[in-house]
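This report refers to the structure that appears directly beneath it.
The values are calculated or read from the model by the stated rules, or taken from the named source; none is laboratory data. Note that the structure is a prediction, hence the values are computed from the model and not measured. Cβ sites come from the backbone with ideal geometry, for glycine too, and all protein chains shown count toward neighbours. The area values use the complete protein model at the heavy-atom level, side chains included, leaving out ligands, DNA and RNA. Shrake-Rupley method; radii C 1.70, N 1.55, O 1.52, S 1.80 Å.
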Amino acid sequence: MRLGLDDVETIDGESGERLVQVAVDAAGAGGARPYTYRVPASLADLQDGEAVLVGFGRRQALGVILGPAAPARDLATRPIVDRVRSDGPLLPPLTLSLVRWVADHYLAPPALVVRSMLPPGLLERLELVAEATPAATTGEAGTPGVAAPVLDRVDRDLMDQLAGGPRPARDLAAPEGRAGLLRRLRALAMGGLVALDWTLLGASAGPRYERWLRLTAAGRAVALDLVSARKPPGRPLGPRQMAALAEVAGSPPDGIPATAIVERHGSSAVAGLVRRGLLEAEVRQRPRRPLAHRPAGVRGSRPATSALTAPQAAAVAVIADRIGSRDPRPVMLDGITGGGKTAVYVEAIAASLAADRPALVLVPEIALALPLVDRLRADLEARVALVHSGLGDGERADEWRRIRAGDVDIVVGTRLAVGAPLADVGVVIVDEEHDAAYKSDRTPRIQARDTAMELARLAGAALVLGSATPSVESYGRGLDGAYERVILPSRPSGAAPVVHVVDMRAELADGQRGTISRMLDDALAGLDVRAGAQAILVLNRRGTASVVLCRDCGHVQACPDCERPLVYHQAGTTLRCHHCGRATPIATRCPACASSRIRYLGGGTERVEREVRAAHPDLRVARLDRDVAERRGVAERVIDAFIAGETDVLVGTSLVAKGLDVPGVTLVGVVSSDVALNLPDERAAERTYQLLCQAVGRAGRGDRPGTAILQTYQPEHPVITAVATGDGSAFYAAELDLRRRFGSPPFGRVVKLTVALPDREAAEREGLAMVERLRDRAVALGMALDVAGPAPAYIARRNDRWRFNVVLRGVDPRVVLGEDPGQPWSVDVDPDSLL
């Protein structure tokens, strides 16, 4: 049984001081547990969420207070050294509770969890700042029991340096070096002349400031004289000064940014007006807004409809009831692609805002965030914040500050947004809940969907999991009643597309060796672009060729780090590893036999794009894959152009199969339906089914009928059959039966441990030793636990280290594991893949 914070004594029995949990941000502070410290009487007003300075080993480190702590058994607790000034607690109580849960559930160091929920760089710079006290100017130095210091020349020089305001200690000049400087500052602080504070300086994450200008009373009078053609009193103004004064007079009452005035009229003219008291300058924060360049409203996408269908209205009623009763039990919004889930989201958010509670909406990909934001801004008069990794550090920091200050109504973002510093939330929506992008591949390895469930439980918020292709575990929980399943059975507009399956084996036998089948090529040729018809081509593989081999000896060019085949990218003319990102120049001769007969096999998005352009030069073709999306703003421009009808054919990876609601799309072609179908992973079939269904569902959402063409070498596979017939019930039943047999979610929990060492045999030995320890521990605890492995990882070698996996299955394998085993192991709780 786990004790809650309200169930423990939080006062040190000896000192009587409050005990708190602190996430210590220092090397060596590993493990999924915070550390316990005492709050000294001098810092009794410290709040949960504040940054503090603590002793850690023989050094001092930065920490964040997570909440009250129980007395440490047989261990003396150390006092917090000092508070670290910022603009209040870094995280609100709701987010702090989520931090504790994430650290415990995913066996992650609390400090790393805290970092994941803060803007980049916020904890990077901790500085000691000195400031002259009022006593330094009034002469009332000294504190009770401490005599006022006698100032020598060096002290007086330090006080002169502080006369202009607070200064970081590192910027102060002192002849005795840093150690001597700190001694003098402490002595001055004891004497009441100087205040010393540790402060977080957020680097690029800090606020951005700018000067603003506005009229003074005297300036307003002069401006009126100029308008009335009267001669103002005093020294005459120059032409540039008069123009600058007139422009500021015509600005809003709160002023105008000084930059524009200075650029047009010159800095000397503006400075002269300030000196004469006609203008006053003020420094204000200049927020960075990622949505500032996008006008409010939906740009070219489907207009909002006022009337909901009966199934949509029923779904909204269920969610609204959950919001009103603060019931966090999940609502699974299940329906065909194009079934109108977004309209339900909008109404659910409106219900939350009506209850004066903000909303959180998670999307799996950056590219899907902006169309949803456009829809929300068009349908609701609400303040929307955007959170994703594609924002600049300053933009993320400013959005984070807005959210923490309560200045937003809706937060939309990728998995990063689940840690947004919301003080409260009324509805949490996870769109495309099945998507693998919700699982983080680095510590803390959260599953954002499951973390959102815990956030909803902590906040008493309604939780909506939306997907036309639910994950197998969510589907199972919907069947057994753990989730309330609400079905959207039909499209409000348009009709389900007609699906054709093309056997690529027959195409190959007929001599068709390109990536595009004859049926798909004919469909592209018949695309009625004059009437606004558009097409999407999906290929779950980037690049131009997936394998580069020697035709003489068969050698495949592979990454020297990961030992996975390199992919040829025509753009940049390079070979690239899609696992570690390593780029390698193209070899003109085989590294194994020196043959020049190098061949490129398979096809990626670049090759498909090139073939479509060559075969149909009249079509406007664009591409969207990871390589494109990594370039700032490019994915946004590609999607906006497609939504606006400026692109006829969009070629891409799974990115283009998710969330796009474009009425003009009448044709969808899946170029390689079975590319990931036979991977040695228990989710391979599930992922392929979801991708194909999502892709097919992009077609036929408008007035014209839609067609989907699936190209496959395995037309008889159950996944292909399920997608072609539009009936996934048999597929889900078969997958659930497999999960039940193996104890996988939703019938059990899984933890994956990975060991990585430079020596292959040493890594395998370490894996075997871990397996024995875990089996012995399970027996000692009397718990049923299946331990598999060690087995080589799918990418057996990465970054010069050999990797072996150990997989644990049971009711809760974390209990047997206990805690993060530390180096050389990594822990993945609820892994998305066992490869």
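Can you tell me how much longer the chain between ALA762 and ARG632 gets when fully stretched, taken as 0.36 nm per residue apart minus their C-alpha distance, in nm with one decimal?
Gain in length upon complete extension: 42.6 nm.
If you count only protein heavy atoms with a 1.4 Å probe, what accessible area per residue comes out for the stretch 618-742, rounded to a whole Å²?
Accessible surface, normalised per residue, equals 37 Å².
Leaving out ligands and nucleic acids, note down the accessible area per residue over the stretch 433-545 with a 1.4 angstrom probe, in whole Å².
39
Under the Kirkwood approximation applied to all pairs of distinct alpha-carbon atoms, what is the hydrodynamic radius of the stretch 35-102 in Å?
So the Kirkwood estimate lands at 12.7 Å.
Given a 1.4 angstrom probe, I'd like the percentage of the accessible area of the stretch 402-478 that is carbon and sulfur, rounded to a whole number.
Carbon and sulfur atoms account for 40 percent of the accessible area of the stretch 402-478.
Based on the mean of other beta carbon atoms within 10 Å per residue, what is the order of 429-436, 270-277, most packed first?
So the peptides 429-436, 270-277, ranked by packing, come out 429-436, 270-277.
Compute, for TRP212, the solvent-accessible surface of its heavy atoms (probe 1.4 Å) with the complete set of protein chains present, and express it in square angstrom to the nearest 10.
Accessible area of TRP212: about 50 Å².
Treating the beta-carbon of each Lys and Arg as +1 and of each Asp and Glu as -1, no other charges, what is the dipole magnitude of the stretch 699-835 about its Cα centre, to the nearest 20 debye?
The dipole of the stretch 699-835 has a size of about 20 debye.
More than 23 angstrom separation, counting every C-alpha pair in the stretch 419-526; what % is that?
So the pairs more than 23 Å apart make up 54 percent of the total in the stretch 419-526.
What is the percent carbon and sulfur in the accessible area of the stretch 203-284, measuring with a 1.4 Å probe over the protein chains and ignoring ligands?
59
Going by Cα centres, the stretch 756-835 and the stretch 628-687 are how many Å apart?
Centre-to-centre (Cα) distance: 35 Å.
For the full complex of protein chains and a 1.4 angstrom probe, list ARG58, ARG801 by accessible area with the highest value first.
ARG58, ARG801
For the peptides 792-798, 316-322, 749-755, what is the packing order when you average, over each peptide's residues, the other Cβ atoms within 10 Å and list the highest mean first?
Most protected by this proxy first, the peptides run 749-755, 316-322, 792-798.
Tell me, what are the semi-axes, in whole angstrom and largest first, of the equivalent ellipsoid of the stretch 639-684 as set by the roots of 5 times the Cα gyration tensor eigenvalues?
27, 11, 8
Accessible area per residue for the stretch 331-413 in Å², computed with a 1.4 Å probe and the full protein assembly in place, what is it?
Accessible area per residue: 28 Å².
As a test of the definition: which semi-axes, in Å, follow for the stretch 709-835 when you take the square root of five times each eigenvalue of its alpha carbon gyration tensor? Largest first, please.
Whole-Å semi-axes of the equivalent ellipsoid: 33, 21, 10.
List, in order, the whole-Hz ³J(HN,Hα) value for each residue of the stretch 753-763 obtained from phi through the Karplus relation with A = 6.51, B = -1.76, C = 1.60 and θ = phi - 60°; use x for Gly and Pro.
10, 10, 9, 9, 9, x, 9, 4, 5, 5, 5
Would you pull out the residues with amide H under 5 Å of VAL668's amide H, same chain only if 5 or more places away, H placed 1.01 Å from N?
Distant-sequence amide H within range of VAL668: ILE536, THR707, ALA708, ILE709.
What is the Å³ per residue value for the convex hull set by the Cα atoms of the stretch 633-715?
99
Go through the stretch 516-527 residue by residue and turn each phi into a ³J(HN,Hα) via Karplus (6.51, -1.76, 1.60, θ = phi - 60°); whole Hz please, and just put x for glycine and proline.
Couplings: 9, 6, 5, 5, 5, 5, 5, 5, 5, 5, x, 5 Hz.
According to the Kirkwood expression over distinct Cα-Cα pairs, how big is the hydrodynamic radius of the stretch 324-415, in Å?
14.2
Rounded, prolate or oblate, given the Cα gyration tensor of the stretch 312-374, with a/c below 1.5 counting as rounded?
oblate
Find out how many positive minus negative residues lie around VAL829, taking Lys and Arg as positive, Asp and Glu as negative, among other residues whose Cβ is under 12 Å from that of VAL829.
Once positives and negatives cancel, what remains is -3.
Out of residues 5 or more away from ARG33 or on other chains, whose amide H comes under 5 Å of its own, with H placed 1.01 Å from N in the peptide plane?
Amide H to amide H, under 5 Å and 5 or more residues apart or across chains, ARG33 pairs with nothing.
Please give the Cα centre distance for the stretch 433-467 versus the stretch 482-529, rounded to the nearest Å.
32
Let me check the size of the stretch 497-538 from its C-alpha atoms; what are the radius of gyration and Dmax in Å?
12.1, 36
Where the only charges are on Cβ atoms (+1 Lys, Arg; -1 Asp, Glu), what is the dipole of the stretch 780-835 about its Cα centre, to the nearest 20 debye?
Once rounded to the nearest 20, the dipole reads 300 debye.
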